[in-house]
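All remarks here apply to the structure that follows.
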Amino acid sequence: MAKLYFYYSTMNAGKSAALLQANHNYRERGMDTLVYTAAVDVRGGGRVHSRIGLSAAAQAYDAATDFLADARTLRQAPTPGCVLIDEAQFLTEAQVRTLGRVADELDLPVLCYGLRTDFRGRLFGGSAALLGWADSLVEIRTICHCGRKATMVVRVDAQGRVEPDGAQVEIGGNERYVSLCRRHFESAHASGRL
């Protein structure tokens, strides 16, 4: 029986690289996959990119994307494989429930990769839904500058000052976000500096 998976972590943990490895594994075995990335992340240009240089073609998804209709097409492929979602924190709750139907009704594995929390330590909507609905939760780990497990992320400006407030979604990479352990997250927010 297929499952709905949520692979989550902070920034720079290798979520996209793990998705690309899973895609490669299915394709290497002759199976078809559907690969998605969030349309809100305009840096991708229709591809999932990892920081280690790997990439693959992807369909951009937004709140109107009908994953069940697309998955029905995949299910009819000669060798259906799985559905892979990058930037899963941007899914809606309804889409997460639909992805559960993809796994349950079409017997296709759905592998979602995304951030658990934002720069304020608050759950993203898609992540909250996945934490509640996924069959399997898998943490992908990365480390803080102190060597402890990083579980949080802070947003910084060009001078390295911590930005405690702002819109939940602001697309960026290493220049805007730093992964930290909870202790250093708290101290960074208290001092305004890393």
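Since every read-out is calculated from the coordinates, none of them should be taken as a lab result. Predicted model only: the values in this text are computed from it and were never measured. Cβ placement follows ideal geometry from the backbone for every residue including glycine, while neighbour counts extend to all protein chains displayed.
The table for this structure:
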| item | result |
| --- | --- |
| GNM result for the chain, Cα springs below 10 Å: residue of Gly53, Gly100, Gly132 fluctuating most strongly | Gly53 |
| 10 Å Cβ shell holding at most 14 others, DSSP loop, GluC sites (Glu not before Pro): longest site-free stretch of the chain | 1-169 |
| Net charge contributed by nearby residues that have their C-beta within less than 14 Å of Leu74 (K/R +1, D/E -1) | -1 |
| Column: log10 I(q)/I(0), Debye, Cα scatterers of the chain, q = 0.13, 0.19 Å⁻¹ | -0.67, -1.30 |
| Of Phe90, Thr10, Tyr61, farthest towards positive along the dipole that unit charges on Lys, Arg, Asp, Glu beta carbons give the stretch 1-159 | Thr10 |
| Qualifying trypsin sites (Lys or Arg not before Pro) for the stretch 19-89 [loop in DSSP, other Cβ within 10 Å: at most 15] | Arg29, Arg43, Arg51 |
| Neighbour net charge for Leu106 - beta-carbon separation under 9 angstrom, K R +1, D E -1 | 0 |
